[in-house]
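Engineer: Starting off with a structure, shown below.
The values are calculated or read from the model by the stated rules, or taken from the named source; none is laboratory data. Note that the structure is predicted; figures quoted are calculated from it, not measured. Cβ atoms come from the backbone with ideal geometry, glycine included; neighbour counts cover every protein chain shown.
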Amino acid sequence: MILKILDVFICGLLLGGIYALIAVGLSLQYGVARVLNISHGEFIMLGAFGTWSLYTMFGINPLISLVICGPVLFVVGFFLHKTLFKSLLKSSASIGAFEGSSLLACFGLLFIIQNIAITSWGADIKGYSYLSVPVNLGGAIFAANRLVTLAFAVGIGIAFYLFLARTRLGKAIRAAAQDPAAAGLMGVDINHVLALCFGFGALMAGFAGVLMSMCYPIKATMGLEYTMIAIIVVVLGGLGSIPGSFIGGFILGIIGSIVSYIEPSLSLAAYYVIFILLLLVKPTGIMGK
Amino acid sequence: MNITTFISKRTLVPGLITLILLLLLVTSPLYAPAYTLILLTVIFMYIILTVSWVIFSGPTGYMSLAPAAFFGVGIYTAAILGSKLPLLIVVCIGGLFSVCLALLVGALTLRLRGIYFAIFTFGLVMLIAHLLLFWELHVTGTRGRFVIAVDHTTVYYVMLGILVILLLTALFIRHSKFGLALQSIGENEDAAAHTGINVTLVKVITFAISAFFIGAAGAIMATRWTYIDPFIAFNPLFSFMPVLMAIFGGMGQLYGPIIGAVIFAYLEEFLITRFPYYYMLIFGVILVFAILYMPNGIVGLIQKWRKGGQAGEDAGT
């Protein structure tokens, strides 16, 4: 019994690590850049399929793909904000109007990216086997790739938190999150910082996609599901709070793992129930003010 | 030009055009080919979804992504009751079930503002779809259901009927005190509450009215699809489409969403038949460009063009 509980708990942590990365990315894009990026999941999908292609075609180690796919997606996200969202921001009368129009633009992006992926990779489920050797952990047995995934997710999360807390650029990002206008007056190049945030969001999604492709089967239409999970985690952790998103990701991962242990087909429904209850009871989230 | 001729001219010309259009549409089953009728039915469906969405979300500014939920409720009503009751009653019940859902959701959530409301309503669609699938798989042991088919002329007339009632309702709301109250909620909700408007009641009632028509449209549309499952009925696309169509058309005037829906519905049909693999891709590109370059939609373009013309005339005299 104790072994079973440990098993479910560690599975939840593994799932939670990926959820946390996805949510940190969305938190940067929505909390700072004010773009509720519905196409966030498509970047995860791109990261996953990029890794799959590199591994099956050129035999490149998925952990090396991390430093290939991540930066490429960062550049894509950066220039998306520099072109599309910047001109939307200019033409919008208020921040509310910008949120609405950027949400719709993201739907457009979702359709575009998803259909490019379907036409180039097909719509069926894909996967590859990497590091799938069993590891014995206190009696429960796990595949090594899942443990590597968890280690990398936590490592990336901590590194990014240190970047935000310790560096000058991190300070600028935190300032832009609190009050964009005041940050601009203090000499922060606000458009540049917002574009960087959007790029970092895409980078996190890319990392999550690479790690995910090591453990789970992937398909071209998987994006929207993960976007919804990311939104739920971000609301759970509190909008704009990076530690909140990280903690929220692990909480949701463990809940998901418990529910799928009892009834696998209900785990997504459970997420939505939590989300709806949360919006009704405490819409500011666990770390929100 | 005196005022009376101005007013009569303003209402007479659009009135006449509408009347002629309506006569053409009512008599079209007599001479139009079946394909045209089916296409028109789909176009009507999209107009109903879009105008219903605009009735609530246009003036209040609450972005609802719930249409797919109401649409799906209508579809499942038709699937369950379609073989037991007459068609018109099924359509009405489909609408009424949607109203019940809207009242429940509205009373619970209309205090959420801004983007939270949009996310919540979208979450609702997915939650219903997942729970329904679970129910179908584990309790009734089915996955999909068959719906009693109805011939396309009947579907066409019922859809047209719903559309006409919806447009009259929309016009009535726009020109009534109720519509004014809605408008003021959109402008400034706190100020509206201070002037004595029961803000929550007005919002919930409007939400329910818009749900009724979407549910009714779902019930009649199901008879054309004949086979449904939870993810066909609660397809999130039916939440996004009305929003896109309304923004593409422009929400300032009633004809804006109608034009948007007609163009998008036709575009969808055109793209699906010509480029079945690239249809959503082209759709996405059009969407991004429409938001970038036409923030006020087609109505914005028309008004700009009209204003330009008028300014020219004034300069001339």
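Engineer: Check whether at least one residue in the stretch B:232-252 is surrounded by fewer than 19 Cβ atoms within 10 Å (Cβ to Cβ) and modelled with pLDDT under 80, and report yes or no.
Structural biologist: Scanning the stretch B:232-252, I find at least one residue that is surrounded by fewer than 19 Cβ atoms within 10 Å (Cβ to Cβ) and modelled with pLDDT under 80, so the answer is yes.
Engineer: Still on this model: Please determine, by comparing only the residues of the stretch A:203-235 that are among the β-branched types (Val, Ile, Thr) and under 11 Å from the mean Cα position of the chain (by Cα), which one is nearest to the other protein chains (Cβ to nearest Cβ).
Structural biologist: Our first condition is that a residue be among the β-branched types (Val, Ile, Thr); within the stretch A:203-235, this holds for A:210, A:218, A:221, A:227, A:229, A:231-235.
Then drop every residue that is not under 11 Å from the mean Cα position of the chain (by Cα), which leaves A:227, A:229, A:231, A:233-234.
Details: A:227: 10, A:229: 11, A:231: 6, A:233: 12, A:234: 10 Å.
The selected residue is A:231.
Engineer: Let me ask something additional. Going by the conditions given, is residue B:112 more than 17 Å from residue B:210 (Cβ to Cβ), within 14 Å of another protein chain (Cβ to nearest Cβ) and either at pLDDT below 85 or assigned to a loop (DSSP other than H, G, I, E, B) (or both)? Spell out the reasoning first.
Structural biologist: Details: more than 17 Å from residue B:210 (Cβ to Cβ): yes; within 14 Å of another protein chain (Cβ to nearest Cβ): yes; either at pLDDT below 85 or assigned to a loop (DSSP other than H, G, I, E, B) (or both): yes.
Yes; evaluated as a whole, the condition is true for this residue.
Engineer: Among what's in the stretch B:37-73 and is outside any helix (DSSP H, G or I) and out of contact with any Ser or Thr (no Cβ under 8 Å at 6 or more places or on another chain), pick the residue that is surrounded by the most Cβ atoms within 10 Å (Cβ to Cβ).
Structural biologist: Here is the first cut: in the stretch B:37-73, the ones outside any helix (DSSP H, G or I) are B:61-66.
Checking which are out of contact with any Ser or Thr (no Cβ under 8 Å at 6 or more places or on another chain) leaves us with B:61-62.
Numbers: B:61: 17, B:62: 23.
Taking the candidates together, the pick is B:62.
Engineer: Being surrounded by 24 or more Cβ atoms within 10 Å (Cβ to Cβ) and either touching a Pro at 6+ places or on another chain (Cβ under 7 Å) or of a type outside the set (Asp, Glu) (or both) is the filter here, so list the residues in the stretch A:32-45 that pass it.
Structural biologist: Going residue by residue through the stretch A:32-45, those that are surrounded by 24 or more Cβ atoms within 10 Å (Cβ to Cβ) are A:32-33, A:35, A:37-45.
Passing the criteria: A:32, A:33, A:35, A:37, A:38, A:39, A:40, A:41, A:43, A:44, A:45.
Engineer: Give B:281, B:244, B:267, B:287 a once-over and let me know the one that is farther than 27 Å from residue B:93 by Cα and over 21 Å from the mean Cα position of the chain (by Cα).
Structural biologist: On the way: B:244 fails: over 21 Å from the mean Cα position of the chain (by Cα); B:267 fails: over 21 Å from the mean Cα position of the chain (by Cα); B:287 fails: over 21 Å from the mean Cα position of the chain (by Cα).
Of the residues listed, the single one that is farther than 27 Å from residue B:93 by Cα and over 21 Å from the mean Cα position of the chain (by Cα) is B:281.
Engineer: A further question on this structure: May I ask you to list the residues in the stretch B:236-281 that are within 12 Å of another protein chain (Cβ to nearest Cβ), under 27 Å from residue B:101 (Cα atoms) and part of a loop (DSSP other than H, G, I, E, B)?
Structural biologist: Answer for the stretch B:236-281, where residues must be within 12 Å of another protein chain (Cβ to nearest Cβ), under 27 Å from residue B:101 (Cα atoms) and part of a loop (DSSP other than H, G, I, E, B): B:236, B:251.
Engineer: With the requirement that a residue be farther than 27 Å from residue B:63 by Cα and part of a helix (DSSP H, G or I), what does the stretch B:207-229 give you? Break it down stepwise before answering.
Structural biologist: Taking the stretch B:207-229 as the starting set, the residues that turn out to be farther than 27 Å from residue B:63 by Cα are B:223-228.
Correct list: B:223, B:224, B:225.
Engineer: Say whether the condition of being touching a residue at least 60 places away in the same chain (Cβ under 8 Å), within 11 Å of chain B (Cβ to nearest Cβ) and closer than 30 Å to residue A:175 by Cβ is met by at least one residue in the stretch A:238-252.
Structural biologist: yes
Engineer: In the stretch A:268-280, what count of residues is obtained for those that are at pLDDT below 80 and more than 7 Å from chain B (Cβ to nearest Cβ)?
Structural biologist: Total satisfying the criteria: 0.
Engineer: Of the conditions (1) of a type in the set (A, V, I, L, M, F, W, C); (2) at pLDDT 85 or above; (3) under 19 Å from residue A:33 (Cβ atoms), residue A:112 clears all except one; give me its number.
Structural biologist: All conditions pass for residue A:112, except number (3).
Engineer: Report whether or not residue A:208 is out of contact with any Ser or Thr (no Cβ under 6 Å at 6 or more places or on another chain) and not in a loop (DSSP other than H, G, I, E, B). Walk me through it before giving the result.
Structural biologist: Working: out of contact with any Ser or Thr (no Cβ under 6 Å at 6 or more places or on another chain): yes; not in a loop (DSSP other than H, G, I, E, B): yes.
Yes; evaluated as a whole, the condition is true for this residue.
Engineer: Of a type outside the set (Val, Ile, Thr), under 20 Å from residue B:133 (Cα atoms) and assigned to a loop (DSSP other than H, G, I, E, B) - does that describe any residue in the stretch A:248-262?
Structural biologist: no
Engineer: Against the conditions (1) surrounded by 13 or more Cβ atoms within 10 Å (Cβ to Cβ); (2) within 14 Å of chain B (Cβ to nearest Cβ), where does residue A:76 fall short? Just the number, please.
Structural biologist: Of the numbered conditions (1) surrounded by 13 or more Cβ atoms within 10 Å (Cβ to Cβ); (2) within 14 Å of chain B (Cβ to nearest Cβ), the odd one out for residue A:76 is (2).
Conditions (1) within 8 Å of chain B (Cβ to nearest Cβ); (2) assigned to a helix (DSSP H, G or I); (3) under 20 Å from residue A:227 (Cβ atoms), marked per residue:
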| residue | (1), (2), (3) |
| --- | --- |
| A:70 | no, yes, yes |
| A:80 | no, yes, yes |
| A:84 | yes, yes, yes |
| A:102 | no, yes, yes |
| A:109 | yes, yes, yes |
| A:119 | yes, yes, no |
